[in-house]
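Let me begin by presenting the structure, written as structure tokens, before commenting on it.
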Amino acid sequence: MRKTAVLEITRKALWDQRKNLLGWAIGLAGATFIYTGVYGIFDPTEFDSIVESLPEEFLEAFGWDNFASPSGYLGSTVYGLVIPILTVVFAIAFGTRLLAADEEAGTLELTATCPVSRISLVLQRVMAVAVACFGMATVVFAVVALLSGPVSLNVPLENILAASFQLAMLALVFGSLAVAIGGFIGRRGLVIGAAAAVAVVSYFGSTIVPQISGLAWFQNFSVFYYYGGATVLEEGFAAGNALILIGLSVVFVAVAAFGFNRRDIGTA
Amino acid sequence: MTVAIRTESLTKYYGKQRGLDGLDLEVQPGEVYGFLGPNGAGKTTTIRLLLDVLRPTGGRAEVLGLEPRASGVELRKRVGYLPGDFVVNGRQTSRQLLGHLAALRGGIDREYLDSLIERVGLDPTITIRSLSKGNRQKVGLVQAFMHRPELLILDEPTSGLDPMLQREFQAMAREAAASGQTVFMSSHVLSEVQAVADRAGIIRDGRLVAVDRVETLRERSVRQVEIVFDDPVPVEAFAAIEDVEHLAVEGNTLTCQLRGRADQFVKTIARFGVASLLSEEQDLEEMFFAYYTDEEDRRA
């Protein structure tokens, strides 16, 4: 019996999206380059005077409480706010594109009528999302690692690597969440909206909400809390947090496969 | 030999909306079967159920002896499918798309693929979005035929094709049947099916109302005829012809409905000078209605 080419659906998804992926990679590289490069230009003491003028809750909420140290700076900027959010936005958009948007456009039907099971189809698409998420995190890592010498960041390379891994996993959690919702609803707008809502709640759940007295526990439900890029830069790889992110992705992938395997395609 | 397609009270509801309402269908291996019905009758729903794109509300289906839900992968391996609405990512060439689909099928005979591409006259190096609708349909036909499947399930295969290509398609379908493949094609135009199918099933409001040999259907089909003669003609000359209904003559112009064989009618009009002749197939919906009431009458 002739065998289907291994991961052909993954290969095709990445190939079809190559321009989109390249665009995001360049964007992320550019943003990372600017943020990291700026560190070499500014005098840390100037930062301190700005930072001191801001209210403490505000600083903590955005992780700017430790701006002057290299790892603190990196954790507040590249691995703190802009890049994680951009990467999550990318992952949600990509995860939606590979299932819900494909279905809504009517183009999923032809793939689904090839000799491939529903579960294999979902898994191969998630694999494409995972490759893309790790690709983006690798780009961020490469830029930071290349610049860390010239701008004298003095952050251990393995910590940068660990934070980049967390970044990839953060993205994969939201990418597989988008695929999971797409496993039930074949509508692009609904999937993006639902996944984005979870991301927003999760983000504020690790930043602003815990500042409210009595609500600190809320961060335990925030994906961003387990991402903890700033902490990883300071203290190194946190296996427990990484496992939680991996576990969440696995659950979302299983949910996606379960939902997609049991319903009609193209009628939602 | 297992039947190519069999459904028993196959039913599909989309919420409360009827898609298919107890369809019993049987397609024999090696035949070309026309699945006829007006738009919205449930043709596409049936086809999607056969391929496990949709899940039935009730009843069961069997394709090449396999149950769609349980053996979807094996079933789809042996089937070539042309969707009624063939939409693919337009930012790729046909060659890239066909290569992808071939890889999903574990590789195919490249020479045969090239011969198909040449046969339908497709330039495989052009991106799909810059192809006309007809040319896109060619891509759809090629991908359905390219792995020489045991069963071809084609949803409105000739839509968008010019007459010459329609003929080429008919030849392809007949050759497929001659080599033992089964062709199951849907259409809402009787003449399309007439040209190629052995048998046809007529579906209406989600149910199969009739199955017959295509010749029988043709004999029963009604055509709207309009003839302009060189000179005024007497109405009596045509009144006696069998199978002519709603006859009206006004000056040089004759209109009528012709049912079944045209022989006697043609021989009669040949006695006069015919300036022009227009023969239109009756609307399918009307034809089904005529067919259906006929059946009822016969039973009564």
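Restrict the check to the stretch A:144-160 and report whether at least one residue is within 14 Å of another protein chain (Cβ to nearest Cβ) and crowded, with 24+ Cβ neighbours inside 10 Å. So far as the stretch A:144-160 goes, no, none of its residues is within 14 Å of another protein chain (Cβ to nearest Cβ) and crowded, with 24+ Cβ neighbours inside 10 Å. The helices (runs of 4 or more DSSP H) found entirely in the stretch A:1-64 that carry 1 or more residues being at pLDDT 75 or above and within 14 Å of chain B (Cβ to nearest Cβ) are A:8-16, A:18-41. Among the residues making up the stretch B:13-25, those that are touching a residue at least 60 places away in the same chain (Cβ under 8 Å) and either open to solvent by 70 Å² or more (accessible area, probe 1.4 Å) or of a type in the set (D, E, K, R) (or both) are B:18, B:21, B:24. Could you list, in sequence order, all residues of the stretch A:127-155 that are under 22 Å from residue A:243 (Cα atoms) and not aliphatic (A, V, I, L, M)? Hits for the stretch A:127-155 are A:133, A:134, A:135, A:138, A:141. Quick check on residue B:53: is it of a type in the set (A, V, I, L, M, F, W, C), open to solvent by 30 Å² or more (accessible area, probe 1.4 Å) and facing chain A (nearest Cβ under 10 Å)? Criteria not met by residue B:53.
Only a single item in (1) open to solvent by 20 Å² or more (accessible area, probe 1.4 Å); (2) in a helix (DSSP H, G or I); (3) touching a residue at least 40 places away in the same chain (Cβ under 8 Å); (4) polar (S, T, N, Q) is not met by residue B:143, and it is number (1). Collect the residues in the stretch B:56-75 that are within 8 Å of another protein chain (Cβ to nearest Cβ) and either closer than 24 Å to residue B:212 by Cβ or open to solvent by 10 Å² or more (accessible area, probe 1.4 Å) (or both), keeping them in residue-number order. The answer is B:73, B:74.
Would you please name the residue that is modelled with the lowest pLDDT, looking only at residues in the stretch B:79-91 that are crowded, with 18+ Cβ neighbours inside 10 Å and more than 7 Å from chain A (Cβ to nearest Cβ)? Looking at residues that are crowded, with 18+ Cβ neighbours inside 10 Å and more than 7 Å from chain A (Cβ to nearest Cβ), I get B:86. Selection of helices (runs of 4 or more DSSP H) fully inside the stretch A:205-268 by the criterion of at least 2 residues being modelled with pLDDT of 90 or more, open to solvent by 20 Å² or more (accessible area, probe 1.4 Å) and under 24 Å from residue A:99 (Cβ atoms) returns A:239-261. Applying the criterion of being assigned to a strand (DSSP E or B) and at pLDDT below 85 to the residues of the stretch B:262-300, the residue that is surrounded by the most Cβ atoms within 10 Å (Cβ to Cβ) is B:281.
Looking across A:132, A:128, one residue alone is farther than 18 Å from residue A:80 by Cα, within 14 Å of chain B (Cβ to nearest Cβ) and crowded, with 24+ Cβ neighbours inside 10 Å. It is A:128. So which residues in the stretch A:161-204 are surrounded by 24 or more Cβ atoms within 10 Å (Cβ to Cβ) and aromatic (Phe, Trp, Tyr)? Passing the criteria: only A:174.
The values are calculated or read from the model by the stated rules, or taken from the named source; none is laboratory data. Please read all numbers here as calculations on a predicted model, not as lab measurements. Cβ coordinates were reconstructed from backbone atoms using ideal geometry, including for glycine residues, and neighbour counts include every protein chain displayed. These accessible areas exclude ligands, DNA and RNA; they are computed on the full protein's heavy atoms, side chains included. Shrake-Rupley method; radii C 1.70, N 1.55, O 1.52, S 1.80 Å.
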